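**Student:** This is the structure, below, for whatever I ask next.
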Amino acid sequence: MKQMIEKGIGIVLLFGFILINCIFFSNISGQDIQLIVSRQGIWGPLVYMGLFAVLPAVFFPVAVLALGGGLAFGLLWGSVYTFIGALVNCALMFLLSRYVGRARISPYVKKRMNPKWQERLSNAGGPQGVLLLILLRLIPAVPYNLINYAFGLTDISFGAYMLASGLGIIPGTFVFINIGDKAQQTASPAFWISLGLLAALCILTALLGKRLFPEMRKTDKQKGMDASHGTETES
């Protein structure tokens, strides 16, 4: 009976999130997010944090939300509100994955995530899992939504997951909110500096990943060699 109730709640939540996303938030830009929250007056920050808490669960791009936050609230308060909303969302998606939608989320994660990362996630309950989560949070190219759901399938504790998530999302939050804050000043040096910070974050996390997990670089090289040999054989 309990399992049936949990499945029922999961289905309602998932369909509700999808419906909200499809009806109200498809093809929305950062400027649209700014307009939505600015119309709410003193409730704007709560509305923004609510959007950030819910929308990523249906794979709405967090970069768009963060850019809207920067446009609406500036660097300081945009970062604060985004950090709070993102933490609530991390908790929501983790709990959905672990206790409600596991059967539906697991195949999706296996399909979308690199097998080597999946192998690492299988041992994510210890300190290495916390380190891995922080690193994945730092890499802008790794889908934020996928990380949340994927770690809900692991043995990592909720407390360790939230701590690592909080630490990992700080740099990316600052970078994207800063871009949003400067987005209306495209001719100013500050805007180009904000883009440079994003590029620097990408480069630094790539180097950090290779240093912390050097065997992954060897695996990628081996895959490239295997692919080239396969092409030569076919030709």
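**Student:** Please turn the phi angles of the range 128-136 into ³J(HN,Hα) values with the Karplus equation 6.51 cos²θ - 1.76 cosθ + 1.60 (θ = phi - 60°), one per residue in order, whole Hz, x for glycine and proline.
**Tutor:** 5, x, 5, 4, 4, 5, 4, 4, 5
**Student:** Would you list W192, W117 from the most to the least accessible area, probe 1.4 Å?
**Tutor:** Final ranking, largest accessible area leading: W192, W117.
**Student:** Let me ask something else. Given axes a ≥ b ≥ c from the Cα gyration tensor, I'd like to know whether the range 37-176 is rounded (a/c under 1.5), prolate (a/b larger than b/c) or oblate.
**Tutor:** Prolate, since a/c reaches 1.5 and a/b exceeds b/c.
**Student:** Let me check something: with ligands and nucleic acids excluded, how do F73, F60 order by accessible area (1.4 Å probe), largest to smallest?
**Tutor:** Putting F73, F60 in descending order of accessible area: F73, F60.
**Student:** Using a 1.4 Å probe on the protein chains only, how many percent of the accessible area of the range 26-161 belongs to carbon and sulfur?
**Tutor:** 64 percent
**Student:** Using label points projected 7 Å from each Cα along Cα→Cβ, tell me how many nm separate L163 and Y99, to one decimal.
**Tutor:** 2.1 nm
The values are calculated or read from the model by the stated rules, or taken from the named source; none is laboratory data. Every value quoted in this text rests on a predicted model; they were computed, and no experiment measured them. Reconstructed Cβ throughout: ideal geometry from the backbone, glycine too, with neighbour counts over all protein chains shown. For accessibility, only protein heavy atoms count, side chains too; no ligands or nucleic acids. Shrake-Rupley method; radii C 1.70, N 1.55, O 1.52, S 1.80 Å.
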